[in-house]
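Structure record follows, encoded as structure tokens.
The values are calculated or read from the model by the stated rules, or taken from the named source; none is laboratory data. Nothing here was measured: the structure is a model prediction, and the numbers come from that model. Cβ atoms come from the backbone with ideal geometry, glycine included; neighbour counts cover every protein chain shown. We work out accessible area using only protein heavy atoms, side chains counted, and drop any ligands, DNA or RNA first. Shrake-Rupley method; radii C 1.70, N 1.55, O 1.52, S 1.80 Å.
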Amino acid sequence: MELVNTGAKDRYLENLLRGQPPAGSHGWLNQIRAAATERANALTVPTTRDEEWRFTDPSPLLKFSFQPARGAQRLAQADIQRFVIPEASSDRLVFIDGIYAAELSTHCGNEHGILVTSLAQGLSSHGEILQQHLARNADFDNDVFCALNTSFLRDGALVIINKNVAYPAPIHLLFIATKPETAVYPRSLVVAGPGSRCALIEEYISLAENVYFNNAVTEVVVGENARVQHTKLQQESRAAFHIANCAVALAREANYISDTVTLGARFSRHNLHVLQTAEGTHCVLDGLALISGRQLADTHTYMDHAKPGGNSRQLHKCIVDDAAHAVFSGKVLVREGAQLTDSAQSSRNLLLSDKAHVDTKPQLEIFADDVKCAHGATVGQLDAEEVFYLRSRGLDDQGARSLLTYAFAAEIIDKIPVASLARQLRHTVMEKTQLREST
Amino acid sequence: MNNKNILLEVRNLSAEVAGIEILKGINLVVKVGEVHALMGPNGSGKSTFAKVLAGHIDYTVTGGEVLYQGKNLLEMAPEERSRAGVFLAFQYPIEIPGVSNSAFLRLAYNTLQAARGREELDPLEFDDFIREKIKLVEMDPSFLDRSVNQGFSGGEKKRNEIVQMAVLEPKLAVLDETDSGLDIDALKVVANGVNHLIRPDNAIILVTHYQRLLNYIVPDYVHVIEGGQIVKTGGKELALELEKRGYDWVRAEFDAARAAA
Ligand SMILES: Nc1ncnc2c1ncn2[C@@H]1O[C@H](COP(=O)(O)OP(=O)(O)OP(=O)(O)O)[C@@H](O)[C@H]1O
Ligand SMILES: [Mg+2]
């Protein structure tokens, strides 16, 4: 590629980097941002020649020129009412095109041992905790999208759960896209203190079928003996680009349970990186991608058993219709000395049309000898005998197929601990499995 | 033949699966109110016949015809047959992970109700309805919450088939070896359940290997199928004779009769 006379090696990135917000008043954060900017300048947009992007070609992104959102779109409570999750209505942070909407956010838990607020707010009140964790988990040295996000880091969502607080209600982080052609950099930090418990819902939705680019980074720090239940719901516009990096650090005996549901975006990439920093952690990484039309949904997970005695369970399912393309890459690394690791991974994929496509790549790398690791992958169509059984009971062919597809998805959805959300998702899946688009 | 009591009329039906001819000219007339037993050695084509009646796509009809209530059954899709009152209790019921038994039963019931222009039941109403129905075969209500047939024992699956029959109230029920896999007590219970579902306006074809079932559900006719043909038809006493003498003599008789003709 021809280099132009600028700091950035990659012209596309150079353009994106132009809209950066000015430096703030926290020196340490300015330093991180400067370092991230430097990395973004040095890196390039990946191509399918990069091993980590072998199945997913990011070049469609390059066809659009995205600008940072200028000025916040104002929404009324009524506009977002349909996204309110009843169980999580007491603690909700709302971001509109990446900009914090204080008037739509609620923080009932702040008197009960938790802090749910904007990062900007937290920088002044909880600077020390932020300095300790923010941008320390999500690696921007080697990931250009993470570097971009970090270079734009000025605000975002902050959740802190104090030591030994078991917070009963789920906390809802709601990212709403409204404007076309914008590049948005959602950022979230969750710090669960030792012995604490919480449930998070991280949700991306759109008010219109616009083309935009959401480049999100989420960091979750799970303290000793703490338990975090994390549901990520990606329902972006079907014309949007969604690239997300989620980095999780687990302390001794920490529990992290993650459900990732991918329904939207024309192009999505979810990187989930879990690092076991101490012994005896428990981790569940479940996922469901339900896509159709010409959607592409890529889930890359990386479970790093760096210490002994960790266990991890993973069930990832893709349901792919029409000419859609799903990618799953699940890496499990068991480092030297990480004895008694117990890891099981399963990738199950359902293809609903001849043109549907899935690439699944489980990757086990084991450098310890006393471990139990299993993985398996299946790719298939609906079972003809099951379809016939249902039809012999009066369901028509389409009804039988959508029920079976629904059942395949339900295994993941039923694990979501928030009842109304699971119900809503069941409904969405039901609708989607009946919906056939022409390609 | 234009008898309005005739529910099913099978004329010279032949069918193949995977390119192999299995049914070689079946003839059978079933009138309302009748119970027919269909017996015969393993691999003789009993289940094939049952699946052809239910409309399984793997089985290709190569000749003959099947009239159900005077209409061409073979032209109907499996779900149309079901909605018209044809029911097959599978020899090997299918497991459907992820679909709860009660949701499945309700969906099947409501689909049928809608097709018949009758009112559907909401989950609460259906719950009352289904709890009554499962008493018929003494099924534990906990089976309603489990995935359809998943992890059910052989006998539990067979009971579940009869629960479905009770819900769908078919006109023509084909029970393919519903007795196999049932223990002695369960056999009585399930047979008793089936007897409760027999009405003057419906009919049953019982596929079985054992005379035992026929002590509880007494057939009007017993047919022997061999090599894809009905080689003998008799009354209920034929089952007793088969139990004693096996099938060889039936075949011999059939071949002799054919040679003479
Ligand atoms: N899908 C299939 N593919 C190949 N062969 C088949 C298939 N289905 C049935 N057959 C064959 O057709 C023949 C008849 O099978 P069928 O199941 O109808 O026998 P059956 O009389 O029900 O036997 P059983 O008493 O053992 O249940 C058998 O030889 C069987 O192997
Ligand atoms: Mg059989």
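What is the spin-label model distance, in nm, from A:GLU52 to B:GLU169 if the labels are put 7 Å beyond Cα along the C-beta direction?
My value for the distance between the label points is 6.3 nm.
In percent, what relative contact order does segment A:8-278 have, based on Cα pairs under 8 Å that are 6 or more apart in sequence?
The value is 16 percent.
Quick one: which of B:LYS24/B:LYS157; B:LYS135/B:LYS157; B:LYS4/B:LYS71 span more than 21 angstrom between C-alpha atoms?
Table pairs above 21 Å Cα-Cα are B:LYS24/B:LYS157.
List the GluC sites (Glu not before Pro) in segment B:59-160 that DSSP assigns to loop (not H, G, I, E or B) and whose Cβ has at most 14 other Cβ atoms within 10 Å. Which are they?
Hits after loop and neighbour filter: B:GLU119, B:GLU120, B:GLU138.
Once fully extended, how much extra length lies between A:LEU75 and A:GLN131, figured as 0.36 nm per residue of separation less the alpha-carbon to alpha-carbon distance?
Additional length available on full extension: 17.0 nm.
Is any residue of segment B:32-57 close enough, with backbone N under 11 Å, to a label point placed 7 angstrom from the Cα of B:ASP248 along the Cα-Cβ axis, and if so, which?
Of the residues in segment B:32-57, none has backbone N under 11 Å from the label point off B:ASP248.
With a 1.4 Å probe and all protein chains left in place, how much accessible area per residue does the protein assembly as shown have, in Å²?
Each residue of the protein assembly as shown exposes 41 Å² on average to a 1.4 Å probe.
Can you tell me the FRET efficiency between A:GLN398 and A:GLU209 if r is taken as the Cβ-Cβ distance and R0 is 35 Å, rounded to the nearest 0.05?
Approximately 0.85, to the nearest 0.05.
Ordering B:VAL17, A:VAL228 by accessible area with a probe of 1.4 Å, largest first, what comes out?
If we order B:VAL17, A:VAL228 from most to least accessible, we get B:VAL17, A:VAL228.
Would you kindly derive the ³J(HN,Hα) couplings of segment A:122-128 from the backbone phi angles with the Karplus curve 6.51 cos²θ - 1.76 cosθ + 1.60 (θ = phi - 60°), listing them in order in whole Hz, with x for Gly and Pro?
Residue by residue, segment A:122-128 yields x, 4, 7, 8, 10, x, 5 Hz.
Please build a GNM for chain A, connecting alpha carbons under 10 Å apart, and tell me which residue among A:ASP321, A:ASP141, A:ASP304 fluctuates the most.
A:ASP141
What chymotrypsin sites (Phe, Trp or Tyr not before Pro) does segment A:345-439 have in DSSP loop regions with at most 14 other beta carbons within 10 Å?
Answer by residue number: A:PHE367.
Need one number: the % of Cα-Cα pairs in segment A:129-242 sitting beyond the 22 Å mark.
37
Suppose R0 equals 56 Å. What FRET efficiency, 1/(1 + (r/R0)^6) with r the Cβ-Cβ distance, do A:ALA377 and A:SER65 give to the nearest 0.05?
Calculated value: 0.90.
Roughly what would the spin-label model give for B:ARG146 and B:ILE184, points 7 Å off Cα along C-beta, in nm?
Each label point is offset 7 Å from its Cα along the Cβ direction, giving 2.5 nm.
How large is the convex hull of the C-alpha atoms of segment A:382-439 per residue, in Å³?
95
Please give me the summed charge of the neighbours of B:ALA115: other residues whose Cβ is under 14 Å from its Cβ, Lys and Arg +1, Asp and Glu -1.
+1
Rounded to the nearest 100 Å², what is the buried accessible area between A and B, both sides summed, probe 1.4 Å?
In total, this chain pair buries about 1900 Å².
Take peptide B:90-98, look around each residue's Cβ out to 10 angstrom, count Cβ atoms belonging to other protein chains, and average those counts.
The per-residue average across the peptide is 5.
Which of A:PRO168, A:ALA323, A:VAL379 sits closest to the plus end of the dipole of the protein assembly as shown, meaning its Cα is farthest towards the positive end, when Lys and Arg get +1 and Asp and Glu get -1 on the C-beta?
Comparing the listed Cα positions along the dipole, A:ALA323 ranks first.
Determine the share of segment A:382-439's accessible area contributed by carbon and sulfur atoms, expressed in whole percent, with a 1.4 angstrom probe.
Whole-percent figure for carbon plus sulfur exposure: 47.
Not counting the cut sites, what is the longest span of chain A without trypsin sites (Lys or Arg not before Pro) that DSSP labels loop and that have at most 12 other Cβ atoms within 10 Å?
Between the exposed loop sites, the longest stretch runs A:75-439.
Count, for each residue of A:394-407, the Cβ atoms from other chains sitting within 10 Å of its Cβ, then give me the mean as a whole number.
5
Once the Cβ-Cβ distance between A:GLU87 and B:GLU125 is put in as r, and R0 is 30 Å, what FRET efficiency do you end up with, to the nearest 0.05?
Efficiency for this residue pair is about 0.60.
Counting trypsin sites (Lys or Arg not before Pro) as exposed when in a DSSP loop with at most 13 other beta carbons within 10 Å, what is the longest stretch of chain B free of them?
B:119-261
What is chain A by shape, rounded, prolate or oblate, if you read a ≥ b ≥ c off the alpha carbon gyration tensor as root eigenvalues and call it rounded for a/c under 1.5, prolate for a/b larger than b/c, and oblate otherwise?
It is rounded, given that a/c, with a ≥ b ≥ c, falls under 1.5.
Can you tell me the dipole magnitude for segment A:382-439 around its Cα centre, using point charges on the Cβ only (Lys, Arg +1; Asp, Glu -1), in Debye to the nearest 20?
220
Which chymotrypsin sites (Phe, Trp or Tyr not before Pro) does segment A:248-351 hold that lie in a coil by DSSP with at most 11 other beta carbons within 10 Å?
When the chymotrypsin sites (Phe, Trp or Tyr not before Pro) of segment A:248-351 are filtered for loop state and at most 11 Cβ neighbours within 10 Å, nothing remains.
Ignore the peptide's own chain and count Cβ atoms of other chains within 10 Å of each Cβ in B:80-88; give me the average, rounded.
Mean inter-chain Cβ contacts per residue within 10 Å come to 3.
Just check segment A:127-182 against the gyration tensor rule for me: Cα atoms, a ≥ b ≥ c as the square roots of the eigenvalues, rounded for a/c under 1.5, and otherwise prolate or oblate depending on whether a/b exceeds b/c.
Cα axes put segment A:127-182 in the oblate bin.
Evaluate 2.2 N^0.38 Å with N set to the residue count of chain B, then give the Cα radius of gyration divided by it.
Output field value: 1.01.
Using a 1.4 Å probe on the protein heavy atoms, what percent of the accessible area of chain B belongs to carbon and sulfur?
C and S fraction of accessible area: 49 percent.
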